[in-house]
Amino acid sequence: MRGAQQFGDGGVRVRRGRFLHGLPGVDAVGLQARAATLGTRSIKTTAKAYAIDLAISMIDLTTLEGADTPGKVRALCAKGGRPDPADGTVPRVAAICVYGDMVATAKDALAAAGTADIHVASVATAFPSGRAALPVKLADTRDAVAAGADEIDMVIDRGAFLSGRYLQVFDEIRQVKEACRREGEGSGAAHLKVIFETGELQTYDNVRRASWLAMLAGADFIKTSTGKVAVNATPPVTLLMLEAVRDFRASVGVQVGVKPAGGIRTTKDAIKYLVMVNETLGEEWLTPDWFRFGASSLLNDLLMQRQKLSTGRYSGPDYVTVD
């Protein structure tokens, strides 16, 4: 990278190419071996029950289909607020994630049910491709925030990133971050999750660079995937991102959350990720404020496993609603 263009946040200023390309290369064999080792850990009885409830509380319950209707979104909100209608002790999910035009519907449904503490997340910036002009992406974000979105899930321009146009990607994240601010004094801002689509970034080194770039630009969360491509969240990629947020806080003093999304379908999978978070970052990150699952089908398996622990019987798939 040529020139002396810089980027930074909170007083941190770094030369874009020199810093990102100067990050240590990822030991792919070591990363995969570490992820595999953590995946062999098992927990039983009360610890497993705790992990299941924790995982439920970390889910971003999602519907992102062209055929979404207000009725489907309201049903999803009802499920998020009372995942098991027969058991009021089941925790609520962390958020309902929808397209921007469904934000108001979700907010109204959650408020009417007395579950307004559940966040509403909206995808934005021409999700899932990210292929749109910046003014369109910013308008998309502002519309969702104006409708009441508590969180914005944006996608980076992978073409720009893979072409080495890091400053363009950085500036886009910064401007979307600014668009997350609400009108009026003291109105705060929607939290920003930055999606990399790691299945398209090709290398672990690129995932590490994207993680640092997004965090320096002001991301509140870094997220693996849209769930719309063949390769989504994987344990090695998620471990790499967890290590990046750990190192970022050690260097800068800012804590950032992580959200693996796509392909996490079973309780066994979820527990592997929770073990990974605990072993890499510690208990401080084991809350919905700092770790989320982008996985709707996961909730059904968690509910069935939870019911088995409490009754000793494993229910069939008709025990839970089909999303």
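Given +1 on the Cβ of Lys and Arg, -1 on the Cβ of Asp and Glu, and no further charges, what dipole in debye does region 195-297 carry about its Cα centre, rounded to the nearest 20?
Using only the charged Cβ atoms, the result is roughly 240 debye.
For the chain, give the share of DSSP beta bridges that are antiparallel, in percent and rounded to the nearest 5; count only bridges with both residues there. Please list the in-between numbers first.
Details: 5 of 31 bridges.
Taking every DSSP beta bridge within the chain, about 15 percent pair in antiparallel fashion.
In Å, what Rg and Dmax follow from the Cα atoms of region 101-156?
12.1, 39
May I ask for the distance between the Cα centers of region 46-104 and region 106-143, given as a whole number of Å?
So the separation of the two Cα centres works out to 16 Å.
How many times 2.2 N^0.38 Å is the alpha carbon radius of gyration of region 192-283?
Here the answer is 1.01, to two decimals.
Putting +1 on Lys and Arg Cβ atoms and -1 on Asp and Glu Cβ atoms, find which of Ala295, Thr62, Gly253 reaches farthest to the positive end of the dipole of the chain.
Gly253
Net charge around Ala95, counting only other residues with Cβ within less than 9 Å of its Cβ (Lys, Arg = +1; Asp, Glu = -1)?
Computed value for this residue: -2.
Between the DSSP loop rule and a limit of at most 11 other Cβ atoms within 10 Å, which GluC sites (Glu not before Pro) in region 135-201 are left? Don't skip to the answer; put the middle values down first.
On the way: sites: Glu151, Glu172, Glu178, Glu183, Glu185, Glu197, Glu200; in loops: Glu183, Glu185, Glu197.
Here the sparse-neighbourhood loop sites are Glu183, Glu185.
Using a 10 angstrom cutoff on alpha carbons, build the Gaussian network for the chain and name the most mobile of Ala86, Ala295, Ala124.
Answer for the Gaussian network model of the chain: Ala86.
Give me the dipole magnitude in Debye, nearest 20, for region 84-215 about the Cα centre, with unit charges on the beta carbon: positive for Lys and Arg, negative for Asp and Glu.
Computed charge dipole of region 84-215: roughly 460 debye.
Calculate the spin-label point distance for Thr69 paired with Ala116, positioning each point 7 Å from the Cα along the beta-carbon direction, and give it in nanometres.
2.8
How large is the convex hull of the Cα atoms of region 112-254 per residue, expressed in Å³ as a whole number?
Measuring per residue, one finds 135 Å³ for the Cα hull of region 112-254.
With N denoting the number of residues in the chain, provide Rg(C-alpha) divided by 2.2 N^0.38 Å, to two decimal places.
The reported ratio for this selection is 0.98.
Counting helices only, and only those DSSP H runs with n ≥ 4, report the 222 nm mean residue ellipticity of the chain as the sum of -39,500 (n - 2.57) divided by its residues, in deg cm²/dmol to the nearest 500.
Working: 12 runs with 147 residues, N = 323.
My calculation for the chain gives -14000 deg cm²/dmol from helical runs alone.
Within the chain, what's the longest run with no trypsin sites (Lys or Arg not before Pro) in a DSSP loop and at most 10 other beta-carbon atoms within 10 Å? Give the range, please.
In the chain, the maximal stretch lacking such sites is 45-312.
Treating only the Cβ atoms of Lys and Arg (+1) and Asp and Glu (-1) as charged, compute the dipole magnitude of the chain about its Cα centre; round to the nearest 20 debye.
740
Can you pull the one-decimal nm distance between simple spin-label points at His21 and Arg313, each 7 Å off the Cα toward Cβ?
For the pair His21/Arg313, the computed spacing is 6.4 nm.
Output wanted: per-residue J couplings in Hz (rounded whole) for region 192-204, from phi through Karplus 6.51 cos²θ - 1.76 cosθ + 1.60, θ = phi - 60°, x for Gly and Pro.
3J(HN,Hα) across region 192-204, in whole Hz: 10, 9, 10, 9, 8, 6, 4, x, 9, 7, 6, 9, 5.
Quick check: with the 1.4 Å probe, what order do Thr141, Thr311 take by accessible area, largest first?
Output order, biggest surface exposure first: Thr311, Thr141.
Looking at Ile118, Pro235, Gly80, which one has the Cα that reaches farthest to the positive end of the dipole of the chain (charges on Cβ: Lys, Arg +1; Asp, Glu -1)?
Of the candidates, Pro235 comes out farthest on the positive side.
Select from Thr89, Asn278, Thr311 the residue farthest towards the positive end of the dipole of the chain; place +1 on Cβ of Lys and Arg, -1 on Cβ of Asp and Glu, and compute about the Cα centre.
Asn278
Quick check: net charge around Leu38, other residues with Cβ under 10 Å of its Cβ, Lys/Arg +1 and Asp/Glu -1?
Taking every Cβ under 10 Å from that of Leu38, the sum is +2.
Answer rounded, prolate or oblate for region 27-108, using the Cα gyration tensor with square roots of eigenvalues a ≥ b ≥ c: rounded when a/c is under 1.5, else prolate when a/b is larger than b/c, else oblate.
Verdict is oblate for region 27-108.
The values are calculated or read from the model by the stated rules, or taken from the named source; none is laboratory data. Small disclaimer: the values here were computed from a predicted structure and weren't measured. All Cβ positions, glycine included, derive from the backbone under ideal geometry; neighbour counts span all protein chains shown. SASA here: full protein model, heavy atoms, side chains in, ligands and nucleic acids out. Shrake-Rupley method; radii C 1.70, N 1.55, O 1.52, S 1.80 Å.
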